[in-house]
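Have a look at the structure below, then the notes.
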Amino acid sequence: MPVAASAVYFLNLRGDVLINRLYRDDVGGNMVDAFRTHIMQTKELGTCPVRQIGGCSFFYMRISNVYIVIVVSSNANVACAFKFVVEAVALFKSYFGGAFDEDAIRNNFVLIYELLDEIMDFGYPQNLSPEILKLYITQEGVRSPFSSKPTDKPVPNATLQVTGAVGWRREGLVYKKNEVFLDIVESVNLLMSSKGNVLRCDVTGKVLMKCFLSGMPDLKLGLNDKIGLEKESQLKSRPAKSGKTIELDDVTFHQCVNLTRFNSEKTVSFVPPDGEFELMKYRITEGVNLPFRVLPTIKELGRTRMEVNVKVKSVFGAKMFALGVVIKIPVPKQTAKTSFQVTSGRAKYNAAIDCIVWKIRKFPGQTEPTMSAEVELISTMAEKKSWTRPPIQMEFQVPMFTASGLRVRFLKVWEKSGYNTVEWVRYITKAGSYEIRC
């Protein structure tokens, strides 16, 4: 169920109502008094942004020196409510020159009321795109003297953008050089045993795009996902090409993607927004290619000494390399002194986090650097407690490598004027929660 907001209030830090809008008659106009009495005056504002008082739910968020409060009388989607608040604030800032505070609200009462009538109807969120709303709400807000002057010009044909399927893109865009940048960014989440056995592993990824294209282009993206390749072979009545295919889970798309075409042809077709945006997100749970394998050996020699040996093997190709590799090996809190020997990079003891931090700036593929350390511990008279060994953690970034094996098969750009485009594709794999038990 959507938000179905009964009322929206804007309050200052003292609890005074700056502006409010009642969308339904199922709550009284004095509901803000309950918020003031039970939440603001009891100093519970920082505990939880959702409260229930007298059969009504209050969703509130502080922006600068203003509280925005949404009141609902029935079960509602909390995430949708806060998404509405964030986008509404961005809309107000675009009209007020980047400022949103008590002064900006007091200086723009008429404009805010007009916007509140447009962005929510009977409690349900509507279009909150600044580019579209500025086409038919042309009144300019009273801007702060510190705000920058807007440079974007209104574009005609508001009806097409409000009612059509491409409301996220303006008409009339022109670029001297038409370019498309596509980044596939993946995060690897791993939990590995001390013997090298994978206990839990998955990959979360996103496809980021930056488009500088003239006109209203139609783009088609082809990936090496299993379902898409099988559907393509059926449509073309020929066997699918050999090669690695992957199964994408939990796929979510940007609103510009043509879902009807995706369901029928399993191809990602879309008219892109101008500039940078996130085209899709996905998750992989099978067939993950781990970029690194870590083999730790930790020996406790009596009460005052430890030996730590860690070998890290890069599994990706020899022509590739990882950047900014950081391995954090935990040690006991009573560590007094450490000495190291590393075959690559640098290592040091960080007492603040009780870890040996091993850094390798550039890590080539198909190599196995090692780190050996001797740790001296402070001897105490108290009874020694067994040390619960926290996992080893890794941070890294591997360009031109995907742990999922996802690849771009094609990226086609069609526009009625027939101009040439330059496409750039880049792959990046990063560490999410990459942990190895000692």
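A few comments on the model shown:
- Farthest positive-ward along the stretch 5-132 dipole, Cα basis, beta-carbon charges - from V110, F122, Y60: Y60
- The stretch 307-438 - percent of accessible surface contributed by carbon and sulfur, probe 1.4 Å: 51 percent
- The trypsin sites (Lys or Arg not before Pro) found in the stretch 1-110 that occupy coil by DSSP, while having at most 12 further C-beta atoms within 10 Å, are R14, K43.
- Per residue solvent-accessible surface (Å²) - the stretch 290-397, probe of 1.4 Å: 58 Å²
- With a simple spin-label model that places each label point 7 Å from the Cα along the Cα-to-Cβ direction, the separation between A90 and S433 comes to 2.8 nm.
- For the stretch 5-132, the solvent-accessible area of protein heavy atoms averages 45 Å² per residue (probe radius 1.4 Å; ligands and nucleic acids excluded).
- The length gained on full extension between R200 and Y419, counted as 0.36 nm times the residue separation minus their Cα-Cα distance, comes to 74.1 nm.
- In the complete set of protein chains, residue-level accessible area for D218 is approximately 50 Å², probe 1.4 angstrom.
- When K412, K333 are compared by accessible surface with a 1.4 Å probe, the order from highest to lowest is K333, K412.
- Cα centre as origin, Lys/Arg/Asp/Glu Cβ charges: the stretch 290-397 dipole, Debye: 200 debye
- In this rough spin-label picture, where each label sits 7 Å from Cα along the Cβ direction, the E171-W387 distance is 7.0 nm.
- Calculated [222 nm] ellipticity per residue, helices only, for the chain: -4500 deg cm²/dmol; basis is -39500 (n - 2.57) per DSSP H run with n ≥ 4, divided by all residues, nearest 500.
- For the stretch 290-397: rounded, prolate or oblate by the Cα gyration tensor [a/c cutoff 1.5]: prolate
- Cα gyration tensor shape of the chain, rounded if a/c is under 1.5, else prolate or oblate by comparing a/b with b/c: oblate
- The accessible surface of the stretch 5-132, taken with every protein chain in place and a 1.4 Å probe, is 49 percent carbon and sulfur.
The values are calculated or read from the model by the stated rules, or taken from the named source; none is laboratory data. The model shown is predicted, which means the values in this text are computed figures rather than measured ones. Note: ideal-geometry Cβ built from the backbone for every residue, glycine included; neighbour counts use all protein chains shown. Heavy atoms of the whole protein, side chains included, go into the accessibility calculation; ligands, DNA and RNA do not. Shrake-Rupley method; radii C 1.70, N 1.55, O 1.52, S 1.80 Å.
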